[in-house]
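Written below as structure tokens is the structure these notes are about.
The values are calculated or read from the model by the stated rules, or taken from the named source; none is laboratory data. Because the structure is predicted, anything quoted here is derived from the model rather than measured. For neighbour counting, all protein chains shown are included, and Cβ atoms are generated from backbone atoms with ideal geometry for every residue, glycine included. Note: areas computed on protein heavy atoms with side chains; ligands, DNA, RNA excluded. Shrake-Rupley method; radii C 1.70, N 1.55, O 1.52, S 1.80 Å.
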Amino acid sequence: MGMGLNAMGQKAHGCTLTAWLLTLALALCAALPAIASPTLRLDAGETKFSLSPVLQYWHDQPGHASVEQAFAHTQDGAFAPLPNGNPAFGFQTGAYWFYLPIENMQRDDPRWLLVQEYALSDNLDLYLRYPDGHIEHQQGGDHVPFYNRFVRFRHPNFRLDLPAGTRVELLLRVQSESSMQVPLVLYTPQAFAELMRDTQFANGLYYGIVLALLCYNLVLWLMLRDSGYFWYLLHTLAFGLVLFTLNGYGFEYLWPTSAWMADAAVPLSICLALMGMQMFSRSFLDLAARWSAGNIACLVMVGVFGAMGIASIWLPYSTATPLVSRAVLLGIAWILTASVVMLLRGFKPARLFLLAWALFLIGTTAFTLLAFAVVPQSFWTQYGVQIGSALELLLLSLALGHRYAGLRNANIRLVHDANERLERGLVDRTRELRTTLAQLGEANVKLQEFSRRDPLTGAYNRRHFHETLSKALEATSSKRKSQALLLLDIDHFKRINDQYGHLVGDDCLKAVSRCIHDIAQTLNGMAARYGGEEFVLILPGTDARMALQTAETVRLRIQQTIIHSHGHVIQLSTSIGVHTIGAEQEILPEEAIRLADEALYRAKHDGRNCVRHSMVVV
């Protein structure tokens with residue numbers, strides 16, 4: 001009997017062990033999806049992270065899943081990595097969810113900006129889940145008023161608060177009738193400011209070319225009344241509007257609160273551009289006189305594109321935009337065909353014309369294939385249409401000039417009087433061109449000054465401040481003159497924005513800028529907006545005691561300034577950090593800013609609305 005009990009005990013012990021092992025195995029299996037989710041570590045020194053290589057997505061085809069259901073799916077294996085790291089899916093139905101845990105290892109940068117580098121998405125919902133379980137929600141897209149964006153930028157963007165060493169789960173829901181392109185990039189505020197500067201410069205260069213060509217050919221059309229120049233102007237203006245819309249500037253500047261216009265502008269502007277393209281080609285190639293069948297086909301296409309434009313007002317965006325996108329390729333293919341036919345018939349101006357449209361076709365094809373997710377996103381697919389169209393517009397302008405020169409030479413051989421009139425016209429046009437170039441020169445000078453200014457307050461911007469500070473520190477050692485650096489922060493500015501709105505906050509920033517500008521001018525110094533609600537002053541020939549007195553003057557001036565804005569009366573206070581650089585002292589600009597910033601934080605710590613120096617001044 002003892003042996004029987006022992007055997008039963010061993011059997012029971014074996015069953016218990018087996019059950020325990022089975023439970024452990026099930027727990028490990030349940031944990032596998034969560035472990036498999038990659039975590040993006042924001043390591044020190046990095047200021048920009050492209051999320052496509054590590055992002056996971058889930059296609060919610062009905063589009064009805066809640067955020068709780070989506071977070072649950074992150075644990076059950078429903079999310080998968082992007083196909084080949086490509087964030088473009090073409091025109092799709094339903095909603096797409098994108099998931100990525102993030103751990104910030106940079107203690108100096110707890111604030112980040114998430115930017116979707118595609119301007120046409122309708123609705124974006126960002127959810128951030130923190131370790132304590134609370135979830136923060138932000139909205140974006142062109143179906144949300146533009147002024148709701150965290151930064152007023154053409155691409156949707158969101159502010160991320162990522163405490164150092166904390167794992168935060170990012171979940172983004174995207175639902176749109178446009179092409180599903182979700183290239184997400186994470187930036188530090190400084191890196192994003194540099195991105196905005198470079199982007200504005202590149203796009204400004206492109207639109208500057210378009211504007212210059214419009215002005216130039218407008219002058220020629222007004223003088224010559226040649227229909228070719230009119231249709232060129234229509235094509236250039238319409239296609240400029242297309243790219244203005246596709247790049248997000250239309251929603252930013254023209255219809256920032258109209259979701260309907262944000263959707264309708266794309267197919268409407270494309271159809272208008274297609275009509276201008278066909279009419280310009282018909283006029284340039286002289287199809288009415290040289291190829292009657294081609295002329296009829298061109299007019300038919302103009303009618304079809306016009307009907308498509310009218311229909312796009314009522315058609316859903318998901319139907320109209322893919323349709324007109326394919327029509328672009330059809331329209332350009334027809335223009336190339338007509339060009340080849342006219343070239344074979346001996347029409348020499350068609351050579352440059354054919355080259356121009358071939359370049360445009362290459363760029364447009366790359367952009368269209370990207371919209372349909374046929375090719376992955378790259379520099380050439382994303383900006384190919386702008387590069388191709390810029391070259392096309394330049395070459396077409398040259399082709400117009402070449403064509404006109406040929407007509408002029410023919411007229412010279414026929415009518416001597418016409419030659420004299422044309423020469424007088426050329427003199428007048430040259431004079432007007434010189435005037436235009438002079439005006440462009442003046443505009444360039446104004447543009448250079450504008451690039452040094454903050455667009456909101458009119459104060460100098462951060463880039464110009466760094467340049468001035470570097471020069472001032474060089475003067476400190478060479479001219480044996482001391483320098484003072486004042487770093488100022490408006491107290492509780494976020495509370496003002498939250499309570500009274502950003503327009504009131506903007507008026508407060510302008511008022512502070514005027515106060516410090518007036519004081520800086522009296523001391524031959526320079527005032528600049530350092531970023532957000534922070535301002536900075538550089539005071540040459542100023543020692544520590546005088547710097548503290550000046551800082552106290554600034555503080556009192558701002559505190560005594562009553563701001564009336566949108567029916568509200570606001571009184572501000574500021575915290576100021578001061579650092580002085582003695583004569584012949586050598587110091588890097590970054591070190592001087594750091595010391596002033598530490599003094600500023602000490603002023604905040606001491607209760608705000610006070611002045612603190614980086615050193616104890618007796």
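Among the residues of region 316-341, those identified as closer than 12 Å to SER281 by Cα and open to solvent by less than 10 Å² (accessible area, probe 1.4 Å) are GLY331, ILE332, ILE335, ALA338, SER339.
Being within 27 Å of ALA119 (Cβ to Cβ), of a type outside the set (Val, Ile, Thr) and not in a loop (DSSP other than H, G, I, E, B) holds for only one residue in GLY294, GLY306, and it is GLY306.
A search for C-beta distances below 6 Å between a residue of region 239-261 that is among the aromatic types (Phe, Trp, Tyr) and any residue that is open to solvent by 30 Å² or more (accessible area, probe 1.4 Å), counting only pairs 6+ apart in sequence or on different chains, returns TRP255/MET261. Every test in (1) charged (D, E, K, R); (2) buried (at least 19 other Cβ atoms within 10 Å of the Cβ); (3) assigned to a strand (DSSP E or B) is passed by ASP142 save one, and that test is (3). Among the residues here, HIS155 does not qualify as over 23 Å from TRP112 (Cα atoms), of a type outside the set (A, V, I, L, M, F, W, C), assigned to a loop (DSSP other than H, G, I, E, B) and at pLDDT 90 or above.
Do we find a residue being within 19 Å of the chain's Cα centre (by Cα), buried (at least 18 other Cβ atoms within 10 Å of the Cβ) and modelled with pLDDT of 90 or more anywhere in region 84-106? Yes, there is a match, as at least one residue in region 84-106 is within 19 Å of the chain's Cα centre (by Cα), buried (at least 18 other Cβ atoms within 10 Å of the Cβ) and modelled with pLDDT of 90 or more. Within region 55-66, the presence of at least one residue that is open to solvent by less than 10 Å² (accessible area, probe 1.4 Å), assigned to a loop (DSSP other than H, G, I, E, B) and hydrophobic (A, V, I, L, M, F, W, C) is confirmed.
Scan region 481-521 for residues that are among the acidic types (Asp, Glu), farther than 19 Å from SER565 by Cβ and surrounded by fewer than 19 Cβ atoms within 10 Å (Cβ to Cβ) and jot them down. It would help to see each step written out before you state the result.
We begin by selecting, within region 481-521, every residue among the acidic types (Asp, Glu); these are 489, 491, 498, 506-507, 518.
Subset that is farther than 19 Å from SER565 by Cβ: 489, 518.
Hit for region 481-521 is ASP518, nothing else.
Within the set SER292, SER281, the sole residue that is surrounded by 19 or more Cβ atoms within 10 Å (Cβ to Cβ) and at negative phi turns out to be SER281. Candidates in region 466-514 are the residues that are of a type in the set (Gly, Ala, Ser) and closer than 23 Å to SER451 by Cβ; of these, the one that is modelled with the lowest pLDDT is ALA472.
Out of everything in region 107-118 that is out of contact with any Phe, Trp or Tyr (no Cβ under 7 Å at 6 or more places or on another chain) and buried (at least 21 other Cβ atoms within 10 Å of the Cβ), what residue ends up being farthest from TYR253 (Cα to Cα)? Checked region 107-118; the qualifying residue farthest from TYR253 (Cα to Cα) is GLN116.
Conditions (1) over 30 Å from GLU423 (Cα atoms); (2) of a type in the set (D, E, K, R); (3) modelled with pLDDT of 90 or more, marked per residue:
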| position | (1), (2), (3) |
| --- | --- |
| ARG225 | no, yes, no |
| THR236 | no, no, no |
| PHE239 | yes, no, no |
| LEU272 | yes, no, yes |
| LEU285 | no, no, no |
| LEU299 | yes, no, yes |
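Looking across GLN585, GLN559, GLN521, one residue alone is of a type in the set (S, T, N, Q), within 22 Å of PRO455 (Cβ to Cβ) and either in contact with a strand residue (DSSP E or B) (Cβ under 9 Å, 6 or more places away or on another chain) or not in a helix (DSSP H, G or I) (or both). It is GLN521.
Assess whether THR542 counts as being touching a residue at least 24 places away in the same chain (Cβ under 8 Å), over 23 Å from ASP454 (Cα atoms) and crowded, with 18+ Cβ neighbours inside 10 Å. So THR542 passes the test.
Residues in region 225-236 that are surrounded by fewer than 16 Cβ atoms within 10 Å (Cβ to Cβ) and touching a residue at least 40 places away in the same chain (Cβ under 8 Å): SER227 only.
Of all residues in region 342-353, those being in contact (Cβ under 8 Å) with a residue 40 or more places away in the chain and either open to solvent by 60 Å² or more (accessible area, probe 1.4 Å) or over 15 Å from GLN278 (Cβ atoms) (or both) number 6.
For THR430, the test of being open to solvent by less than 80 Å² (accessible area, probe 1.4 Å), hydroxyl-bearing (Ser, Thr, Tyr), touching a residue at least 24 places away in the same chain (Cβ under 8 Å) and farther than 20 Å from PRO589 by Cα is failed.
For region 560-568, the criterion of a residue being open to solvent by 50 Å² or more (accessible area, probe 1.4 Å), within 24 Å of ARG495 (Cβ to Cβ) and polar (S, T, N, Q) is satisfied by at least one position. Against the conditions (1) in contact with a Phe, Trp or Tyr (Cβ under 9 Å, 6 or more places away or on another chain); (2) surrounded by fewer than 14 Cβ atoms within 10 Å (Cβ to Cβ), ASN524 satisfies every one except (1). Counting the residues of region 332-372 that are in a helix (DSSP H, G or I) and at pLDDT 85 or above gives 12.
So which residues in region 604-614 are in contact (Cβ under 8 Å) with a residue 60 or more places away in the chain and part of a helix (DSSP H, G or I), if there are any at all?
First, pick out the residues of region 604-614 that are in contact (Cβ under 8 Å) with a residue 60 or more places away in the chain: 604, 608-609, 611, 613.
Result: LYS604, single match.
Show me the strands (runs of 3 or more DSSP E) entirely contained within region 73-124 in which 3 or more residues are touching a helix residue (DSSP H, G or I) at 6+ places or on another chain (Cβ under 6 Å), of a type in the set (A, V, I, L, M) and closer than 30 Å to PRO316 by Cβ.
Values: elements: 88-91, 95-104, 111-116.
Of the strands (runs of 3 or more DSSP E) lying wholly inside region 73-124, none has at least 3 residues that are touching a helix residue (DSSP H, G or I) at 6+ places or on another chain (Cβ under 6 Å), of a type in the set (A, V, I, L, M) and closer than 30 Å to PRO316 by Cβ.
Among the residues of region 317-331, not a single one is aromatic (Phe, Trp, Tyr), part of a helix (DSSP H, G or I), at negative phi and modelled with pLDDT under 85.
Okay, residues lined up against (1) farther than 13 Å from LEU488 by Cα; (2) touching a residue at least 24 places away in the same chain (Cβ under 8 Å):
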{"position": "VAL536", "(1), (2)": "no, yes"}
{"position": "MET546", "(1), (2)": "yes, yes"}
{"position": "ARG555", "(1), (2)": "no, yes"}
{"position": "LEU572", "(1), (2)": "no, yes"}
{"position": "GLU598", "(1), (2)": "no, no"}
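Of the strands (runs of 3 or more DSSP E) lying entirely inside region 167-257, those carrying at least 3 residues that are closer than 26 Å to GLY331 by Cα are 179-181.
Being free of Cβ contacts under 8 Å to residues at least 12 places away in the same chain and either among the hydroxyl-bearing types (Ser, Thr, Tyr) or open to solvent by 10 Å² or more (accessible area, probe 1.4 Å) (or both) holds for only one residue in ASP125, ASP132, and it is ASP132.
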